[in-house]
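Peer 1: Mind having a look at this structure? Questions to follow.
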Amino acid sequence: MTVQQLIDALSLTVFSLSDPQRQVTGGYAGDLLSWVMGRAQSGDMWLTIMSNQNVAAVALMADVACVILTEGVQPDPTLLSRAQEKGVNLLGTPESTFTAAGRMGALLA
Amino acid sequence: METIKLIYPVEGGDLIEAGEASSKMKLTLKKLGLPQDIIRKASICMYEGEINMVIHADGGQAEVEVDMNQITIRMIDSGPGIPDVEKAMQEGFSTAGPTARELGFGAGMGLPNMKRYSDDLTIDTTVGKGTTVTVIIKIPQ
Ligand SMILES: Nc1ncnc2c1ncn2[C@@H]1O[C@H](COP(=O)(O)OP(=O)(O)O)[C@@H](O)[C@H]1O
Ligand SMILES: [Mg+2]
């Protein structure tokens with residue numbers, strides 16, 4: 001599944017989208033940044049409620065396919081500009097992390 | 001490939017700007033055409049090291065060397081040093097303050113991540129003098 005297909009399937013909010021054709025191969029949910037870098041895989045969608053600029057750097061280093069801000073969290077302006085500048089796919093959903101992860105997991109299965 | 005040497009200064013104190021050195025290194029490794037998983041390992045190690053220099057040591061310098069066989073990242077600071085390296089290496093051990101934690105850091109997973117993603121990790125530290133963390137990532141031939 002591509003990031004664009006994920007957006008369409010779940011009506012995700014698009015904050016920044018530079019690589020809509022990137023393949024999504026799995027998922028990870030978490031807010032502790034080092035935990036995410038230790039456990040997330042390349043190509044994952046990363047669900048988090050963290051909205052600061054460091055999220056863009058972590059997404060870049062961990063090479064995730066996209067970041068999904070859950071619970072209706074809005075990106076800080078610095079995160080938004082960083083994501084655009086670095087080419088990080090940054091999306092959002094009003095759903096809880098639990099609900100969103102359930103629906104996304106079903107899509108990937 | 002000739003040995004390539006890159007030097008990145010890391011500003012202390014500014015957690016919001018942290019990640020610049022790692023981003024730049026990642027771009028350079030990409031341009032060198034290294035395998036994606038090797039770039040990912042190096043980037044995560046470098047970012048964890050960069051964050052540590054910012055949070056724990058008021059900045060420092062990262063020196064990166066790339067040759068045919070490996071990437072060597074040396075993160076050098078003149079901070080407080082690490083009194084108990086064995087403890088610092090444990091998952092979950094952290095002396096990070098509330099500001100770092102609010103931003104999502106301080107999980108005590110940085111050094112363990114560097115160990116996980118590198119082929120060799122060396123910590124050379126003296127209390128009151130500073131710390132040099134060196135990671136080596138081998139490039140499969
Ligand atoms: N460059 C450094 N200078 C001084 N202390 C450090 C340095 N790097 C790590 N430490 C110490 O080791 C601990 C563990 O580091 P780490 O595993 O990266 O976790 P965290 O950064 O989340 O605290 C830190 O909390 C700190 O006490
Ligand atoms: Mg750390």
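Read the figures in this text as sums done on the coordinates, not as results from a lab. Since the model is a prediction, treat every value here as computed from it, not as a measurement. Glycine gets a Cβ as well: all are built from the backbone with ideal geometry, and neighbour counts include every protein chain shown.
Peer 1: Counting partner chain Cβ atoms within 10 Å of every residue's Cβ in B:109-118, what's the average? Don't skip to the answer; put the middle values down first.
Peer 2: Working: counts 8, 4, 1, 2, 6, 2, 0, 3, 2, 0.
Taking the mean over all residues of the peptide, I get 3.
Peer 1: Quote the charge dipole size of the protein assembly as shown about the Cα centre in Debye, to the nearest 20; the model charges only the Cβ of Lys and Arg (+1) and of Asp and Glu (-1).
Peer 2: Numbers: 19 positive and 29 negative charges, 96 e Å.
Computed charge dipole of the protein assembly as shown: roughly 460 debye.
Peer 1: Viscosity 1.306 mPa s, temperature 10 °C: what is the translational diffusion coefficient of the protein assembly as shown from Stokes-Einstein with a Kirkwood Rh over Cα pairs, rounded to a whole number of µm²/s? Display every interim value, and only then the final one.
Peer 2: Working: Rh = 18.4 Å.
Answer, rounded: 86 µm²/s.
Peer 1: Rank these for me by crowding, B:ILE16, A:ILE68, going from fewest to most other beta carbons within 10 Å. Before the final figure, lay out each step's value.
Peer 2: Details: B:ILE16 14, A:ILE68 29.
Fewest-to-most ranking of B:ILE16, A:ILE68: B:ILE16, A:ILE68.
Peer 1: Per DSSP helix of 4 or more residues, -39500 (n - 2.57); summed, then divided by the residues of chain A. What does that give at 222 nm, rounded to the nearest 500?
Peer 2: So the helix-based figure for chain A works out to -12000 deg cm²/dmol.
Peer 1: Per residue of A:60-68, how many C-beta atoms from partner chains lie within 10 Å of its own C-beta, taken as a mean?
Peer 2: Values: counts 8, 16, 4, 7, 0, 0, 0, 0, 0.
Across A:60-68, the average partner-chain Cβ count within 10 Å equals 4.
Peer 1: Counting helices only, and only those DSSP H runs with n ≥ 4, report the 222 nm mean residue ellipticity of chain B as the sum of -39,500 (n - 2.57) divided by its residues, in deg cm²/dmol to the nearest 500. Let's see the in-between values first.
Peer 2: Numbers: 5 runs with 51 residues, N = 141.
The per-residue figure over chain B is -10500 deg cm²/dmol.
Peer 1: Using only the alpha-carbon atoms, how far is helix B:36-57 inclined from the longest principal axis of chain B? Give it as 0 to 90 degrees, nearest 10.
Peer 2: Approximately 30 degrees, to the nearest ten.
Peer 1: For the stretch B:84-126, which chymotrypsin sites (Phe, Trp or Tyr not before Pro) pass both filters: DSSP loop (anything but H, G, I, E, B) and at most 15 other C-beta atoms within 10 Å?
Peer 2: On the way: sites: B:PHE93, B:PHE105, B:TYR117; in loops: B:PHE93, B:PHE105.
Passing both the DSSP loop test and the Cβ count: B:PHE93.
Peer 1: Let me ask another. If you count the DSSP beta bridges with both ends in the protein assembly as shown, what percent of them are antiparallel, to the nearest 5? All intermediate terms of the calculation are to be shown ahead of the outcome.
Peer 2: Numbers: 33 of 44 bridges.
Around 75 percent of the beta bridges assigned by DSSP in the protein assembly as shown are antiparallel ones.
Peer 1: What pairs from B:LYS30/B:LYS87; B:LYS5/B:LYS129; B:LYS5/B:LYS138; B:LYS24/B:LYS115; B:LYS31/B:LYS138 go past 28 Å between their alpha carbons?
Peer 2: Working: B:LYS30/B:LYS87 35 Å; B:LYS5/B:LYS129 25 Å; B:LYS5/B:LYS138 16 Å; B:LYS24/B:LYS115 22 Å; B:LYS31/B:LYS138 18 Å.
Where the Cα-Cα span goes over 28 Å, the pairs concerned are B:LYS30/B:LYS87.
Peer 1: Now a separate question. Compare the peptides B:64-75, A:16-27, B:18-29 by average per-residue count of other Cβ atoms within 10 angstrom and give them in order, highest first. Intermediate values should be presented prior to the final figure.
Peer 2: Numbers: B:64-75: 18.8, A:16-27: 16.2, B:18-29: 21.3.
For the peptides B:64-75, A:16-27, B:18-29, the packing ranking is B:18-29, B:64-75, A:16-27.
Peer 1: Shielding by partners for A:38-48, please: the mean number of other protein chain Cβ atoms within 10 Å of each residue's Cβ.
Peer 2: Numbers: counts 11, 3, 1, 1, 4, 0, 0, 0, 0, 0, 1.
Partner Cβ neighbours, averaged per residue: 2.
Peer 1: Mind checking which of B:PRO35, B:MET46, B:GLY12 is farthest towards the positive end of the stretch B:1-81's charge dipole, using Cβ charges of +1 (Lys, Arg) and -1 (Asp, Glu) about the Cα centre?
Peer 2: Most positive-ward Cα: B:PRO35.
Peer 1: So what is the relative contact order of the stretch B:4-138, in percent, for Cα pairs below 8 Å that sit 6 or more residues apart? Kindly include the intermediate steps, with their values, before the conclusion.
Peer 2: Values: 266 pairs, mean separation 36.3, N = 135.
After rounding, I find 27 percent.
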